[in-house]
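To keep things clear, I will list the structure first and then write my remarks on it.
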């Protein structure tokens with residue numbers, strides 16, 4: 001498994017992003033919130049993801065960018081948890097990760113939350129893929 005995070009794995013489609021907000025139930029793992037849907041993607045990748053931080057909570061772009069870098073790095077290092085399962089059930093997902101806290105947390109806390117949330121997401125994807133099949 002590659003630890004890279006290329007452009008084709010980043011979610012850019014406005015149509016899919018709008019559909020993500022209509023997702024049934026997000027996954028909460030403090031300080032992260034995951035919105036996800038099973039959706040065919042324009043690229044041949046298991047998942048496309050997007051990270052975002054609220055401008056309302058963090059007025060300074062420097063702080064928002066710091067948090068987005070930490071979230072992308074935590075996802076990049078641990079995406080194998082998700083990708084292995086997605087490829088075995090042969091589905092594609094679109095994923096949006098939102099930082100949902102008012103303070104800047106250290107990378108270790110963000111990474112541990114990312115791992116827990118990815119494990120929860122794997123279980124949800126398994127359930128959803130069984131209902132489709």
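The values are calculated or read from the model by the stated rules, or taken from the named source; none is laboratory data. Worth saying up front: this structure is predicted, and the values here are computed from it rather than measured. Every residue, glycine as well, gets a Cβ built from its backbone with ideal geometry; the counts of neighbours run over all protein chains shown.
For segment 11-27, the set of residues classified as modelled with pLDDT of 90 or more, part of a loop (DSSP other than H, G, I, E, B) and surrounded by 15 or more Cβ atoms within 10 Å (Cβ to Cβ) consists of 11, 26, listed by residue number. Working only within segment 86-127, note down all residues that are over 19 Å from residue 40 (Cβ atoms), more than 11 Å from the chain's Cα centre (by Cα) and not in a helix (DSSP H, G or I). Answer for segment 86-127, where residues must be over 19 Å from residue 40 (Cβ atoms), more than 11 Å from the chain's Cα centre (by Cα) and not in a helix (DSSP H, G or I): 100, 101, 102, 103, 104, 105, 106.
Scanning segment 28-47 for residues that are assigned to a strand (DSSP E or B) and over 23 Å from residue 109 (Cα atoms) yields 37, 38, 47.
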